[in-house]
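Below is one structure; the comments refer to it alone.
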Amino acid sequence: MSEQLSHQYIVVEGPIGVGKTHLVNRLAESFSAKTLLEQPENNPFLEKFYLEPKQSALPTQLCFLMQRVKLSKTLQQDDLFSNRHIADFMVEKDRLFAQITLDDDELALYNMVYDNLTMAHRKPDLVIYLQAPMAVLKNRVSQRGIAYEQRIEDAYLKKLTESYADFFHYYNDSPLLIVNAEQLDLVNSEQDYQNLLEQIMAIKSGKQYYNPLPEKEKRK
């Protein structure tokens with residue numbers, strides 16, 4: 001299947017709990033691709049951030065930024081014509097978190113570091129943006145049972161989902177597939193995955209939307 005897909009660098013994005021990493025792993029298997037995966041467990045400040053957001057926001061964000069930039073440099077080292085890469089993050093989205101967690105002085109410092117670290121950053125060939133209502137995200141976060149994630153406040157999650165929606169409303173640097181993931185069960189439904197795969201294979205340019213039918217409509 002890999003020879004049928006023209007995109008060499010694919011990013012799956014969306015807010016916490018939407019299913020990014022699972023989809024990346026499925027796509028990597030389907031297309032014999034390498035994965036670039038965030039490792040939040042390696043950020044020593046993250047758990048502190050959920051306990052004390054104000055005090056830990058800046059080191060948490062700078063640590064994530066450096067992790068993401070380091071991972072993205074893999075794309076410069078590997079031969080993109082022979083190695084396909086699929087990531088569960090894009091460096092550009094790092095600013096979304098910074099803008100809703102940092103005060104003005106911290107954000108100014110963050111932006112200086114960001115601009116310096118991302119000058120040679122490579123744009124994705126395709127971005128898949130998964131979105132879902134807050135209730136779905138909260139349920140999925142609860143189901144995966146990571147202790148510190150259970151402390152996520154509704155206000156923070158609401159700001160985050162709105163920031164994602166606004167960012168991708170204006171995003172035009174790469175072909176973009178916006179997916180309503182509310183009705184998708186990519187863990188248990190092979191048909192759901194195959195249907196999404198068809199959409200991914202079809203997009204070549206511009207912005208497209210995929211809105212799967214609710215389960216009751218699928219059975220009609």
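The values are calculated or read from the model by the stated rules, or taken from the named source; none is laboratory data. In this text the structure is predicted, and so the values were computed from the model without any measurement. FYI the Cβ positions are ideal-geometry reconstructions off the backbone, even for glycines, and counts take in every protein chain you see.
Restricted to segment 1-77, the set of helices (runs of 4 or more DSSP H) holding at least 3 residues that are aliphatic (A, V, I, L, M) and at pLDDT 90 or above comprises 20-31, 53-72. Answer yes or no as to whether GLN99 is in contact (Cβ under 8 Å) with a residue 40 or more places away in the chain and closer than 30 Å to SER32 by Cα. Spelling it out, it is not the case that GLN99 is in contact (Cβ under 8 Å) with a residue 40 or more places away in the chain and closer than 30 Å to SER32 by Cα.
Yes/no per residue for (1) surrounded by 22 or more Cβ atoms within 10 Å (Cβ to Cβ); (2) under 18 Å from VAL187 (Cα atoms); (3) among the acidic types (Asp, Glu):
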site	(1), (2), (3)
ILE10	yes, no, no
ILE16	no, yes, no
PHE45	no, no, no
PRO59	no, no, no
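Is it the case that some residue within segment 88-99 is among the hydrophobic types (A, V, I, L, M, F, W, C), in a loop (DSSP other than H, G, I, E, B), modelled with pLDDT of 90 or more and over 30 Å from LEU196 (Cα atoms)? No, segment 88-99 contains no residue that is among the hydrophobic types (A, V, I, L, M, F, W, C), in a loop (DSSP other than H, G, I, E, B), modelled with pLDDT of 90 or more and over 30 Å from LEU196 (Cα atoms). Checking each residue in segment 47-57 for being of a type outside the set (S, T, N, Q) and buried (at least 17 other Cβ atoms within 10 Å of the Cβ) picks out GLU47, PHE49, TYR50, ALA57.
Restricted to segment 20-37, and to residues that are in contact with an Asp or Glu (Cβ under 6 Å, 6 or more places away or on another chain) and not β-branched (Val, Ile, Thr), which residue is surrounded by the most Cβ atoms within 10 Å (Cβ to Cβ)?
The first filter runs over segment 20-37 and keeps only residues in contact with an Asp or Glu (Cβ under 6 Å, 6 or more places away or on another chain), leaving 20-21, 24, 37.
Now drop any that are not not β-branched (Val, Ile, Thr), which leaves 20, 37.
Values: LYS20: 23, LEU37: 15.
Result: LYS20.
Sort through GLN199, GLN191 and tell me the only one that's in a helix (DSSP H, G or I) and surrounded by fewer than 12 Cβ atoms within 10 Å (Cβ to Cβ). Outline the logic, then answer.
Working: GLN199 fails: surrounded by fewer than 12 Cβ atoms within 10 Å (Cβ to Cβ).
Just one listed residue meets the conditions, GLN191.
PHE64 falls short on exactly one of the conditions (1) under 15 Å from the mean Cα position of the chain (by Cα); (2) under 25 Å from ASP192 (Cβ atoms), and that condition is (2).
Counting just the residues of segment 106-138 that are outside any helix (DSSP H, G or I) and over 17 Å from the mean Cα position of the chain (by Cα), which one comes out nearest to ALA57 (Cα to Cα)? Working first, answer last.
Looking only at segment 106-138, we keep the residues that are outside any helix (DSSP H, G or I), and these are 118-133.
Imposing the further condition that a residue be over 17 Å from the mean Cα position of the chain (by Cα) reduces the set to 118-120.
Working: THR118: 20, MET119: 24, ALA120: 26 Å.
Among those residues, the one meeting the criterion is THR118.
Taken across segment 105-123, residues that are in contact (Cβ under 8 Å) with a residue 12 or more places away in the chain, among the β-branched types (Val, Ile, Thr), more than 17 Å from THR21 (Cα to Cα) and surrounded by 14 or more Cβ atoms within 10 Å (Cβ to Cβ) do occur, with at least one present. Residue count for segment 160-188 satisfying the condition of being crowded, with 16+ Cβ neighbours inside 10 Å and at pLDDT 90 or above: 15. Scanning segment 139-179 for residues being farther than 30 Å from SER205 by Cα, touching a helix residue (DSSP H, G or I) at 6+ places or on another chain (Cβ under 8 Å) and not in a helix (DSSP H, G or I) gives a total of 1.
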